[in-house]
Amino acid sequence: MPNSSNLLITLERADLTADASRQLIAALNAELSGAYSEPGANHFSLDPSEVAPGRGLFVVIRMDGRPVGCGALRLIDGQTGELKRMYVAPEARGRGLGRRLVEALETEARALGAKKLVLETGVRQTSALALYRATGFVPIPLYGEYCLSPNTSICLGKDLLGP
């Protein structure tokens, strides 16, 4: 595995409907569908209007020009941002790209005036849970559509007003 320091890593705002975005989301959906076959366990919805400038952000992270990850932020109310569609391709994992995605989305959330961030992940996403906990997220009660999947969903939150 090449050393990350020798790779050019870029992160850019992307259109949710662009080819790279759709390919990454399709890979994420396939991975989640394989891990969670229970009815109602997968929550794939995200509309381009939810990540439009001023309302949110969709980003693609590239390694040497190749799209290898993505993430989204959408405001769900005037004070709360939600992280969605977080994904890093298996071959690019372990290089800190997930952390870079979280940091970029958190920065955008603050710029949009959010005071807290929330997210949902699956009970079997051990690496994702470790990443979120390492970046300051703590368990919160299930919210929204995730209340319908209590056996497979874990919701986390983070106060953005802290240090």
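Which of (1) surrounded by 19 or more Cβ atoms within 10 Å (Cβ to Cβ); (2) closer than 23 Å to Arg62 by Cα does Glu120 not meet, given it meets every other one?
In the conditions (1) surrounded by 19 or more Cβ atoms within 10 Å (Cβ to Cβ); (2) closer than 23 Å to Arg62 by Cα, Glu120 misses (2) alone.
Can you tell me which residue among Val60, Val68, Val123 is under 11 Å from the mean Cα position of the chain (by Cα) and of a type outside the set (D, E, K, R)?
After applying the criteria, what remains is Val60.
Any chance you could count how many residues in the stretch 63-74 are out of contact with any helix residue (DSSP H, G or I) (no Cβ under 8 Å at 6 or more places or on another chain) and in a strand (DSSP E or B)?
Final tally of qualifying residues: 1.
Of the numbered conditions (1) in contact with a helix residue (DSSP H, G or I) (Cβ under 7 Å, 6 or more places away or on another chain); (2) in a helix (DSSP H, G or I); (3) not charged (D, E, K, R), Leu28 satisfies every one except a single condition; which is it?
Against the list (1) in contact with a helix residue (DSSP H, G or I) (Cβ under 7 Å, 6 or more places away or on another chain); (2) in a helix (DSSP H, G or I); (3) not charged (D, E, K, R), Leu28 comes up short only on (1).
In the list Ala130, Ala109, which residue meets the criterion of being without any contact (Cβ under 8 Å) to a residue 60 or more places away in the chain, outside any strand (DSSP E or B) and exposed (fewer than 12 other Cβ atoms within 10 Å of the Cβ)?
Of Ala130, Ala109, the one residue that is without any contact (Cβ under 8 Å) to a residue 60 or more places away in the chain, outside any strand (DSSP E or B) and exposed (fewer than 12 other Cβ atoms within 10 Å of the Cβ) is Ala130.
Looking at the stretch 114-127, can you tell me whether even one residue there is at pLDDT 95 or above and in a loop (DSSP other than H, G, I, E, B)?
Yes, the conditions are met somewhere in the stretch 114-127.
Kindly provide the set of residues from the stretch 133-161 that are assigned to a loop (DSSP other than H, G, I, E, B), touching a residue at least 12 places away in the same chain (Cβ under 8 Å) and not aromatic (Phe, Trp, Tyr), ordered by number.
Thr135, Gly136, Pro141, Leu142, Ser149, Asn151, Thr152, Leu160, Leu161
Any residue in the stretch 80-100 that is part of a helix (DSSP H, G or I), among the aliphatic types (A, V, I, L, M) and within 22 Å of Val59 (Cβ to Cβ)?
Checking the stretch 80-100: at least one residue is part of a helix (DSSP H, G or I), among the aliphatic types (A, V, I, L, M) and within 22 Å of Val59 (Cβ to Cβ).
Any idea which of Gly78, Gly96 is out of contact with any strand residue (DSSP E or B) (no Cβ under 9 Å at 6 or more places or on another chain) and farther than 15 Å from Phe137 by Cβ?
Sole residue among the options that is out of contact with any strand residue (DSSP E or B) (no Cβ under 9 Å at 6 or more places or on another chain) and farther than 15 Å from Phe137 by Cβ: Gly78.
I need the full set of residues from the stretch 59-93 which are of a type outside the set (A, V, I, L, M), farther than 19 Å from Gly157 by Cα and either in contact (Cβ under 8 Å) with a residue 60 or more places away in the chain or surrounded by 19 or more Cβ atoms within 10 Å (Cβ to Cβ) (or both), in order please.
Arg62, Pro67, Gly69, Cys70
The values are calculated or read from the model by the stated rules, or taken from the named source; none is laboratory data. In this text the structure is predicted, and so the values were computed from the model without any measurement. Heads up, the Cβs are rebuilt from the backbone with ideal geometry, glycines too, and the neighbour counts pull from every protein chain shown.
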